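For reference, the structure discussed in these notes is given below.
The values are calculated or read from the model by the stated rules, or taken from the named source; none is laboratory data. Note that the structure is a prediction, hence the values are computed from the model and not measured. Cβ coordinates were reconstructed from backbone atoms using ideal geometry, including for glycine residues, and neighbour counts include every protein chain displayed. Just so you know, the surface numbers come from the protein's heavy atoms only, side chains and all, with ligands and any DNA or RNA stripped out. Shrake-Rupley method; radii C 1.70, N 1.55, O 1.52, S 1.80 Å.
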Amino acid sequence: MGIHIPGRVVVFDYGEVISVTPTEADRAALVELAGGDHDVFWPAYWRHRHDLDQGTLGIQQYWRGIERELGEQWNDATIHRLWLADFRSWLTIDPGTLDVLLDLKEGGTRLALLSNAGRDFGSYFRHGTLGDLFDQVFVSGELGTIKPDAAIFEHVLQELGVTPAQTVFIDNKEENVRGAEAVGITGHVFTTAADLRAYLEGLAAWN
């Protein structure tokens, strides 16, 4: 049976909401490709991620920045392998969240996707099977603005043609949810698919 939330559009984050956290094996493989220094790699990986997700760094620039911090000299093939290993590590979908999405879709609830991600994820989001679930897909790297900035939420509202009161936003990061709430959107911090289902079924019953 579907989940019907009339008059609302539910906007989902992707990473660690729809997707699962990359596995330890995925993370270890990435570090090994990068040169094997776990303590140096991950701070560099995340330090440059904001600019990648905001679209101010290209993918090559992103990996070359990490390369410089690590004091490595990677050939082009290594850059390709690092990108592929990283991209692939974010593709595994949480089956519980997928079931929630499918039930919302079956119930006629409007859905959208809003992800802090590089431009390379745009095609996967739109043209993989997930794209069939969403009215629209919004990728920070394409928009030049990033959650939790008000500008990205205002853009989403405008493109979807809805008011903040008609919008529900789901994200695993509290700062992003608070950013949505600051512009009047109803927010929910994702913890588990079961908790998400209970929350959305509660909204459906209340409506």
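General observations
- Here the 3J(HN,Hα) profile of the range 145-154, calculated from phi with Karplus coefficients 6.51, -1.76 and 1.60 at θ = phi - 60°, is 9, 9, 4, x, 4, 4, 4, 6, 5, 5 Hz, Gly and Pro shown as x.
- Distance from the C-alpha centroid of the range 183-207 to that of the range 66-85: 40 Å, rounded to the whole angstrom.
- Compared with the direct C-alpha span, the chain from Arg64 to His127 gains 19.8 nm at full extension, assuming 0.36 nm per residue.
- Neighbour net charge for Glu67 - beta-carbon separation under 14 angstrom, K R +1, D E -1: -1
- Working from Cα pairs under 8 Å separated by at least six residues, relative contact order for the range 147-206 is 31 percent.
- For the chain, the carbon plus sulfur part of the accessible surface works out to 51%, probe radius 1.4 Å.
- For the range 1-132: accessible area per residue (Å², 1.4 Å): 49 Å²
- Of the residues Gln136, Tyr14, Pro95, the one whose Cα sits farthest towards the positive end of the charge dipole of the chain is Gln136 (charges of +1 on Lys and Arg Cβ, -1 on Asp and Glu Cβ, taken about the Cα centre).
- Choice from Gly58, Gly71, Gly15 showing the highest fluctuation, given a GNM over the chain with Cα pairs closer than 10 Å: Gly71
- Mean sequence separation of contacting Cα pairs (under 8 Å, at least six apart), scaled by the length of the chain, corresponds to a relative contact order of 30 percent.
- Cut-off 13 Å between beta-carbons: net charge of the residues surrounding Gly36, Lys and Arg +1, Asp and Glu -1: -3
- Cα shape, the chain, gyration tensor, a/c 1.5 rule: prolate
- Net charge over other residues, Cβ less than 12 angstrom from the Cβ of Ser115 (K, R count +1; D, E count -1): -2
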